[in-house]
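The structure under discussion appears below in the form of structure tokens.
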């Protein structure tokens with residue numbers, strides 16, 4: 001772990017926060033109650049944590065599971081942060097992962113903006 005690696009994690013984490021903020025906006029837009037928000041969030045985030053390599057290495061996963069993990073933003077955040085902190089990744093890989101996270105955030109946010117309301121009125 002180097003100082004440069006630690007500094008490079010800051011933009012990666014910011015891109016990850018934007019991606020998960022977009023997911024939160026989507027869940028909040030679909031849900032009607034705070035209980036529904038908690039239920040939907042748990043149903044999305046717990047499988048995402050397992051399928052993105054947070055709890056088990058994806059190298060041991062079946063091929064179809066690896067393919068599914070490419071759709072999840074947490075995979076790219078994990079890949080970028082572990083690559084930078086291990087010293088094995090380089091800035092190009094981190095930039096690619098950050099760009100994927102930003103594109104994911106934009107793709108999820110754009111449809112939500114059309115239906116977003118501060119209050120839960122039909």
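The values are calculated or read from the model by the stated rules, or taken from the named source; none is laboratory data. This one's a predicted model, so the numbers in the text were calculated from it and none came from an experiment. Counting neighbours? That spans all protein chains shown, and the Cβs are built from the backbone with ideal geometry, glycine included.
Points worth noting:
- Filter result (surrounded by 11 or more Cβ atoms within 10 Å (Cβ to Cβ) and modelled with pLDDT under 90) within region 92-110: 93, 94
- Number of residues in region 12-32 that are touching a residue at least 60 places away in the same chain (Cβ under 8 Å) and either in contact with a strand residue (DSSP E or B) (Cβ under 6 Å, 6 or more places away or on another chain) or farther than 14 Å from residue 74 by Cα (or both): the value is 4.
- Looking across region 77-91 at every residue that is buried (at least 20 other Cβ atoms within 10 Å of the Cβ), in contact (Cβ under 8 Å) with a residue 40 or more places away in the chain and within 13 Å of the chain's Cα centre (by Cα), the one that is nearest to residue 23 (Cα to Cα) is identified as 77.
- Test: residue 36 is more than 13 Å from the chain's Cα centre (by Cα) and crowded, with 16+ Cβ neighbours inside 10 Å: no
- Filter result for residue 73 (buried (at least 17 other Cβ atoms within 10 Å of the Cβ) and either within 17 Å of the chain's Cα centre (by Cα) or under 20 Å from residue 49 (Cα atoms) (or both)): yes
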